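Read the structure below first, then the notes.
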Amino acid sequence: MSNSEQILDFKAQLELQDTTFPMLQILNEEGKIVDEDGLKRAGLSDEKLVELFKSMLFARQVDIRSMKLAKQGRMGFFGPHAGQEASQMASSFAFTDEDWLFPGYRDLPQIYAKGWPIWKGLLWSRGHQLGNEYTTDDGKPINSWFPQIIIGAQYVEAAGVALGLKKRKKDAVAFVYTGDGGSSQGDTYEGINFAGAYKAPLVAFIQNNGYAISTPRSLQSAAPHLAAKGWAAGAPSIVVDGMDAIAMYLASKEARAWAVAGNGPVVIEAITNRLEPHSTAGDDPLRYRTKEDIEAWWKKEPLVRMRNFLTEKGLWDTDKEEAYIAELDAGIDADIKKANNVEKQKISSFIKNTLEVPSQAMAEQIAKFESEGK
């Protein structure tokens, strides 16, 4: 084939795209190791493997309890995350306290992993001011942005902070999450492109969970792999089994090392699945998915794989899991009680919180509402 024939072979280009991104997998659907070298490269001790699984159980229990609270009218907005415990918790497990997290609204578990109390997450869902204080229970600041509601906007914000970390010569990176729907937003590409142009230390996750609200992945983009979007920005990009906690940890660990060394951003597409509604705001997934499809994904979800793997190694059993879930529930109960006991905001407090120094008109409104006890 001549050079011109090869260059102008459009069909071959499309076929090449389809095979360029092999999926990284270490733990298969049955919880069996299929890449021993990958397991060794991950470097997770037995203690760390159990710690990782506990973080995933924590995320699942938060999801279960949050869904119950939402159905009872005791929680505001909530984006369920069951099925994404590996893509969320195993990835964040590879980062440090010094790294800056930029979550989407479905990514509260990663903020909790940094030390943000659940009671503040509950207040955030209810629109309370204290829900936007990103500190630990003892007041220590945590390096996390707020859960971004504007789809994809966190990528632009993360790129800016990543550049700041580079200019300040920090041994840290920014890591950011969006979904497959978010990858269709201009902000997502702009953030990756900016980081690529300035070789800013950014690790960008696209959690390909199958659906952007009700739009299936197949209708969002003709690209065979969403990771390919990173190539347009000069960023190394990979596809990872997002239901495999060990693969997600390894990919994230290696991506962080690459970025913090001054090589620029990395894009990771995690193939996962959202097993519940898009949000508690009236979404019914059975309007755009089949029951059989959802049930099939439940059988290969992240907790099943890690539970089988750890049980086979003699590191986990039913008694340990029941005891740990009881411990988690007790902690969540305490956080719910604390959130419920926080003084409710008044109209006057909303106005006070708008500007540090209120205008004359605002000061008059504050005085008026306070005189009315509002």
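Since every read-out is calculated from the coordinates, none of them should be taken as a lab result. Everything quoted here is computed from the prediction, not taken from an experiment. Don't worry about glycine lacking a Cβ; one is built from the backbone with ideal geometry, like all the others, and counts go over all protein chains shown.
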Task: Total charge dipole magnitude, segment 115-184, about the Cα centre, Cβ charges on Lys, Arg, Asp, Glu only, Debye to nearest 20 - done: 320 debye
- [ ] For the chain, build the charge dipole from Cβ charges (+1 Lys, Arg; -1 Asp, Glu) around the Cα centre, then report which of 42, 129, 206 sits farthest towards its positive end.
- [x] 129
- [ ] Rounded to the nearest 10 degrees, what's the angle between the helix 245-258 long axis and the longest principal axis of the chain, both from Cα atoms, 0 to 90?
- [x] 90 degrees
Open item on the list: Which three extents, in angstrom, do the Cα atoms of the chain have along their principal axes, listed largest first?
Closed with: 84, 53, 46
- [ ] Starting at the first residue of segment 362-370, write each ³J(HN,Hα) from the Karplus equation 6.51 cos²θ - 1.76 cosθ + 1.60 with θ = phi - 60°, in whole Hz, x for Gly and Pro.
- [x] 5, 4, 5, 5, 4, 4, 5, 5, 5
Open item on the list: Output the 0 to 90 degree angle, nearest 10, between the alpha-carbon long axis of helix 153-167 and the longest principal axis computed from the alpha carbons of the chain.
Closed with: 80 degrees
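I need the calculated FRET efficiency for the pair residue 292 and residue 313, taking r as the beta carbon distance and R₀ as 30 Å, to the nearest 0.05.
Values: r = 32 Å, r/R0 = 1.08.
Working from the Cβ atoms, E equals 0.40.
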TODO: List the equivalent ellipsoid semi-axes of segment 265-366 in whole Å, largest first, each obtained as the square root of 5λ for an eigenvalue λ of the Cα gyration tensor.
DONE: 43, 23, 16
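Arrange the peptides 211-218, 112-119 so that the one whose residues have, on average, the most other Cβ atoms within 10 Å appears first.
Values: 211-218: 15.1, 112-119: 20.4.
Peptide ranking by packing, descending: 112-119, 211-218.
From the Cα gyration tensor of segment 290-329, with a ≥ b ≥ c the square roots of its eigenvalues, which class applies: rounded if a/c is under 1.5, or else prolate if a/b is larger than b/c, or else oblate? Write down the numbers at each step before the final one.
Values: a/c = 4.07, a/b = 1.64, b/c = 2.48.
Cα axes put segment 290-329 in the oblate bin.
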Task: 0 to 90° range, to nearest 10: angle between helix 318-341 axis and the chain longest Cα axis - done: 40 degrees
Task: Listed residues 223, 266, 158: farthest to the positive end of the dipole of the chain (Cβ charges) - done: 158
- [ ] Calculate for the chain the 222 nm mean residue ellipticity that helices alone would give, adding -39,500 (n - 2.57) per DSSP H run of length 4 or more and normalising by residue count, nearest 500 deg cm²/dmol.
- [x] -14000 deg cm²/dmol
Task: Enclosed volume per residue, in Å³, of the convex hull spanned by Cα atoms of segment 1-159 - done: 201 Å³
TODO: Give a residue-ordered list of calculated ³J(HN,Hα) values for segment 199-209 (Karplus: 6.51 cos²θ - 1.76 cosθ + 1.60, θ = phi - 60°; whole Hz; x for Gly, Pro).
DONE: 6, 7, x, 10, 10, 10, 9, 10, 7, 7, 9
TODO: Take the alpha carbon atoms of segment 68-118, find their center, do the same for segment 1-25, and report the distance between the two centers in whole angstrom.
DONE: 38 Å
- [ ] Please list 188-201, 249-262 highest first by mean number of surrounding beta-carbon atoms within 10 Å per residue.
- [x] 188-201, 249-262
- [ ] Give, in nm to one decimal, the length gained when the segment between residue 45 and residue 171 is fully stretched (0.36 nm per residue of separation minus the Cα-Cα distance).
- [x] 42.9 nm
Task: For segment 264-314, the spread of Cα positions along each principal axis, largest first, Å - done: 41, 38, 18
